[in-house]
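Please read the structure below before turning to the comments.
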Amino acid sequence: MSVRRYTIPAVAAALLVGLSTASAQTKVESIAILVPEQGTDYGWNQQGVDSARAAAEAAGVELIPAEGLGYGDIRPTLRELAADGVGLMIAHASGYNTAAPEIAEETGVPVAIVDSPDKLKPGLVADYTLSGHEGAYLAGRLAAKTTDTGTVGIVVSGEPPSWNSHSAAFADGVKAEDDSVKVLYAVIGPAAYSDAAGGKRVTESVIAAGADVIFGQGNGSSFGMIQAVETTPATDGSDVMFIDVIGDKSELDTGHLLSSVMWDMTPVYTAMIEDLEDGTFGTKSYAISIADDSVKLLKTPQIPDATWDELMALRQDIIDGKITVEPVFDAQAVRAKMANVSAD
């Protein structure tokens with residue numbers, strides 16, 4: 001499998017408008033994934049690129065990663081990829097979910113977008129509003145088992161649906177484990193995904209308010225959160241622990257990484273390729289779940305074996321339907337669950 005890379009948007013050649021959509025069966029030769037940051041963040045961007053690569057390899061198709069595109073207008077890059085003949089463009093950021101369907105209509109090349117289940121269009125537009133809420137619920141149970149101060153914090157780089165479902169489920173898990181534990185909630189900014197300085201500042205404020213376990217949801221901003229956790233003691237003088245999302249930052253850990261709600265999007269992208277080839281693309285949304293380990297908690301040395309066994313028993317209870325964790329995508333509903341809310 002060959003790999004080409006696009007790192008910045010390029011001016012596209014003119015394209016004919018009105019090409020037919022891929023509603024019929026078709027053979028996919030190549031796919032592209034577009035991400036706002038570099039695929040080396042151990043999180044959203046890297047997991048997207050790595051999962052797309054794994055799906056492409058399994059399907060025997062070419063992967064074209066377009067990395068570091070930022071959060072602005074990606075239409076030129078979409079047009080260039082379409083002109084290159086890719087069979088699917090995966091727009092891996094919520095900020096891309098307006099431009100990508102427009103270019104799909106313009107070029108006839110199918111796109112996959114996030115956070116937009118209302119934009120499905122057979123043969124042309126599919127949605128993958130993914131939610132790791134089941135794993136976040138387990139992370140909440142873990143945080144409540146771990147805290148010494150009786151306060152835990154959630155720090156988010158924005159309030160997209162995926163982060164919201166994580167936050168709500170985490171809070172529910174905390175309360176299910178110990179209703180006396182306080183959950184603080186802080187938003188760095190409306191779309192502060194790469195704001196590491198803001199992540200550090202806001203996390204420090206949440207720690208100062210009493211939290212000794214931080215559930216951090218960012219992209220590049222998560223590195224600022226981790227820096228705050230590593231350098232700021234809890235109000236009782238103890239170390240602060242960090243629960244990450246989507247990726248595995250174990251190789252960077254200095255003893256403060258408690259866990260991560262890890263995602264594997266390979267089954268999602270694999271299903272997209274299969275659906276394109278059998279003519280069902282754009283007729284459904286895609287999901288991840290703890291049942292097939294596309295969502296799972298990261299086991300670190302900071303989690304005692306007995307605690308891990310308890311968490312795995314709870315995981316099985318979710319799979320068996322004994323515990324129901326419903327996703328909550330609305331930001332206001334999430335904020336209503338928290339002891340306090342702060343936002344820049």
Legend entry - Which listed residue is among the polar types (S, T, N, Q), touching a helix residue (DSSP H, G or I) at 6+ places or on another chain (Cβ under 9 Å), farther than 28 Å from Glu159 by Cα and not assigned by TED's automatic domain parsing to the domain that holds Phe215, from Thr254, Thr307, Thr280, Thr270: Thr280
Inset, instruction - Quick one: count up the residues across the range 251-273 that are without any contact (Cβ under 8 Å) to a residue 24 or more places away in the chain and within 24 Å of Ala91 (Cα to Cα). - result: 1
Inset, instruction - From the list Lys121, Lys182, pick out the single residue that is surrounded by fewer than 20 Cβ atoms within 10 Å (Cβ to Cβ) and over 30 Å from Leu311 (Cα atoms). - result: Lys121
Legend entry - Listing of strands (runs of 3 or more DSSP E) fully contained in the range 175-263 that carry 2 or more residues being under 18 Å from Pro301 (Cβ atoms) and among the charged types (D, E, K, R): none
Legend entry - Within the range 184-204, considering residues that are in contact with a Phe, Trp or Tyr (Cβ under 8 Å, 6 or more places away or on another chain) and of a type in the set (A, V, I, L, M), the one nearest to Ile288 (Cα to Cα): Ala191
Legend entry - Count of residues meeting criterion [crowded, with 18+ Cβ neighbours inside 10 Å, in a strand (DSSP E or B) and in contact with a Ser or Thr (Cβ under 8 Å, 6 or more places away or on another chain)] in the range 292-344: 2
Inset, instruction - Please indicate, with yes or no, whether at least one residue in the range 98-114 is surrounded by fewer than 22 Cβ atoms within 10 Å (Cβ to Cβ), modelled with pLDDT of 95 or more and of a type in the set (S, T, N, Q). - result: yes
Inset, instruction - Might you check whether a residue that is under 23 Å from Gly247 (Cα atoms), without any contact (Cβ under 8 Å) to a residue 60 or more places away in the chain and among the acidic types (Asp, Glu) occurs anywhere in the range 88-103? - result: no
Legend entry - Yes/no for Ile273 being over 30 Å from Leu120 (Cα atoms), of a type in the set (A, V, I, L, M, F, W, C) and either in a helix (DSSP H, G or I) or touching a Leu at 6+ places or on another chain (Cβ under 6 Å) (or both): no
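Mind listing just one residue for me: the one in the range 63-83 that is surrounded by fewer than 19 Cβ atoms within 10 Å (Cβ to Cβ) and in contact (Cβ under 8 Å) with a residue 24 or more places away in the chain and, of those, farthest from Pro161 (Cα to Cα)?
Ranking the qualifying residues of the range 63-83, first place goes to Ala83.
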Inset, instruction - Starting from the range 134-150, keep only residues that are at positive phi, then list their pairs with residues that are surrounded by fewer than 24 Cβ atoms within 10 Å (Cβ to Cβ) and of a type in the set (Gly, Ala, Ser) whose Cβ atoms are within a distance under 6 Å, requiring at least 6 positions of separation or different chains. - result: none
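The values are calculated or read from the model by the stated rules, or taken from the named source; none is laboratory data. No experiment lies behind these values; they were computed from the predicted model shown. Using ideal geometry, Cβ is built from the backbone for each residue, glycine included, and neighbour counts are taken over all protein chains shown.
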